[in-house]
Amino acid sequence: MDTLLLNGGRPLRGSVPISGAKNASLPILIATLVAPGEHLLGNVPRLVDTSSMLSLVGRIGCPSIIGANTRIDTSRVAFCEAPYDIVRTMRASVLALGPLLARCGEAHVSLPGGCAIGMRPIDQHLKGLEAIGCRFELEGGYVHGRVDKLRGAEFRFDVVTVTGTENVLMAAVLAEGTTVLDNAAAEPEVEDLAAFLNGCGAHIEGAGTSRIVIHGVSSLKPSPKVHNILPDRIEAGTYLVAGVISQGNVRCENVRPADLEPVIRVLREAGAAVECGDTWVSAGADGRVHAVDIETAPHPGFPTDMQAQLMALMCVAKGTSRIRETIFENRFMHAAELLRLGAQIHIEGNTATVTGQPQLSGATVMATDLRASASLVLAGLAAQGKTEVLRLYHLDRGYERLVEKLSAVGAVVERGQEGRPAPRREVA
Ligand code: EPZ
């Protein structure tokens, strides 16, 4: 199994090109189903998750070609199913529900099951789709959905759910009449999905806010223009923290600074030097930053997908930080591994109290989920000596060309194999 070998303790300096957003690509790749024909998508990141989604779209009967752009032909749909073998590797496959119901009037999607960070129920997805005329049965670990006619309705989510909002949005675009979604997710990725669908002839207003209005249309067709996926604000946030935790300075290129506002605010509060241009953001520090308290929240609050990365930074900050995770019930798995690097963290319910240390020291640590593994890489970059991060497949789900991008800003990092001693490399 692949591992990542890091030799930490040196400042990172330079520019990192940011890829397209994983969490915008996944819904948009499957949303192509609601507009039969050939779609052209730009800036789709080459990740394990995006290739899983393309395999799912392929299993449904829609071939794709990955080149400078990603080309998907959804003229024909052969199966209305998201099978367990794909869903269990990528829970975002549940996003097939809305598009298949809108396209075929039926959908058979394996229940995603939980994951390391929580139960991850989909009750809100089903309630929202039922509100616009869908009916569901749970049988054999699958959700079996049917709809005769999608009809617009008013629906308020009980909890803010990103993929729940996206699932209902992707069906409501073809409903008869108007659908109003209240307490909807306002993440930039939802906004990008709506922009893609509007490019195909949908009529969606208010995406990017908590109230989305969808005026249903009778049919959609592929946009004549390439839709470029928006930049990944979580990848960018991760590299900004790398610049700060290593006491260097990293500049992220091809980003939308406004999407990073919640992260920029916290980094500045901690004393990091953060600068923004039109399409770039840089962050650095020439010493230890000071501890800040954070609480995760739906956008425009502090993103839960950046909580683990900030915890790594707080492990070497001056003072004590309180980190409250309000979105997922079990998103502190990285804490136990950070302790192995010398961090001081106390967990009480959904609050982690982090007492910053002057220094961490390298060790072997194990990744448990995507953002936890990013947190361990960041801590390893700051730690003195060698760190090996096991179960690298978690990172490969969400970080394109990680070794190349980190090496370009001066990190001593390479992929290894578990159980095989790291090649002896005298570091210059
Ligand atoms: C999306 O997951 C992201 N994934 C996650 O990113 C992200 O952490 C999360 O939103 C929150 O921002 C994708 O977009 C593919 P939720 P999602 O539904 O939609 C509860 C990453 O690292 N809930 O917004 O699955 C749920 O249990 C991943 O890139 C219900 O109760 O998350 C959670 O507590 C990890 N019922 C809260 O809502 C439902 O029907 C938010 O979950 C749905 C969700």
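The values are calculated or read from the model by the stated rules, or taken from the named source; none is laboratory data. None of these values were measured; they are calculated from a predicted model. When we count neighbours, we look across all protein chains shown, and the Cβ atoms used for this are built from the backbone with ideal geometry, even at glycine. These area figures cover heavy atoms from the full protein model, side chains too; ligands, DNA and RNA do not enter into them. Shrake-Rupley method; radii C 1.70, N 1.55, O 1.52, S 1.80 Å.
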*When the solvent-accessible surface of protein heavy atoms is calculated with a 1.4 angstrom probe, in what order do Ser223, Ser361, Ser19 fall, highest first?*
Ser361, Ser223, Ser19
*Taking the mean number of other Cβ atoms within 10 Å as a proxy for protection, how do you rank 157-166, 95-104 from highest to lowest?*
95-104, 157-166
*Which lysines have a Cα less than 16 Å from the Cα of Lys225, not counting those fewer than 8 places away in the same chain?*
none
*Give the ranking of Lys221, Lys22 by solvent-accessible surface, highest area first, calculated with a 1.4 Å probe.*
Lys221, Lys22
*asked:* Angle check, please: helix 188-199 long axis (alpha carbons) against the longest principal axis of the chain (alpha carbons), in degrees 0 to 90, nearest 10.
replied: 30 degrees
*Proximal aspartates and glutamates relative to Lys386, as straight alpha-carbon distance under 17 Å, when same-chain residues fewer than 8 apart are discounted*: Asp2, Glu337, Glu414, Glu418, Glu426
_Between region 3-63 and region 279-343, what is the separation of their alpha carbon centroids in Å?_
25 Å
*First check a/c for the chain, with a ≥ b ≥ c the square roots of the eigenvalues of its C-alpha gyration tensor; if it is under 1.5, answer rounded, and if not, answer prolate when a/b is larger than b/c or oblate otherwise.*
prolate
*What are the residues whose amide H is under 5 Å from the amide H of Met366, where those residues sit 5 or more places off or on another chain and H is modelled from the backbone?*
Leu390
_Using a 7 Å offset from Cα along Cα-Cβ at Ile66, what residues in region 1-29 end up with backbone N under 17 Å from the label point?_
19-29
_Regarding region 337-388, what's the average projected area of the Cα-atom convex hull, expressed in nm²?_
3.6 nm²
*So what's the back-of-envelope 222 nm ellipticity for the chain, counting only DSSP H runs of four-plus at -39500 (n - 2.57) apiece and dividing by all residues, rounded to 500?*
-8500 deg cm²/dmol
*Going 7 Å from the Cα of Ser361 in the Cα-to-Cβ direction, what parts of region 306-343 have a backbone nitrogen less than 13 Å from that spot?*
340-343
*Can you tell me the 0 to 90 degree angle between the C-alpha axis of helix 162-172 and the longest principal axis of the chain, rounded to 10?*
20 degrees
*At 1.4 Å probe size, with no ligands or nucleic acids counted, give the accessible surface of Glu348 in Å², nearest ten.*
120 Å²
*Pull out the extension gain between Glu139 and Thr351, defined as 0.36 nm times the separation in residues minus the alpha carbon to alpha carbon distance; nm, one decimal.*
72.6 nm
_Apply the Karplus curve 6.51 cos²θ - 1.76 cosθ + 1.60, θ = phi - 60°, to the phi angles in region 336-353 and return the couplings in whole Hz, x for Gly and Pro._
4, 6, 5, 4, 5, 8, x, 6, 10, 9, 10, 9, 9, x, 9, 10, 10, 9
*Could you give the distance between the Cα centres of region 377-399 and region 190-243, to the whole Å?*
31 Å
*asked:* Please check: in the Gaussian network model of the chain (C-alpha springs, under 10 Å), which one of Leu230, Leu339, Leu181 has the largest mean-square fluctuation.
replied: Leu339
*FRET efficiency for Glu404 and Ser55, Cβ-Cβ distance as r, R0 = 22 Å, nearest 0.05?*
0.35
*Could you tell me the accessible area of Lys127 in Å² (1.4 Å probe, neighbours in place), rounded to the nearest ten?*
90 Å²
*What FRET efficiency do you get for Ala336 and Glu106 if R0 is 45 Å and r is their Cβ-Cβ distance, rounded to the nearest 0.05?*
0.55
*Could you tell me how many degrees, from 0 to 90 and to the nearest 10, lie between the Cα long axis of helix 233-245 and the main elongation axis, the longest principal axis, of the Cα atoms of the chain?*
10 degrees
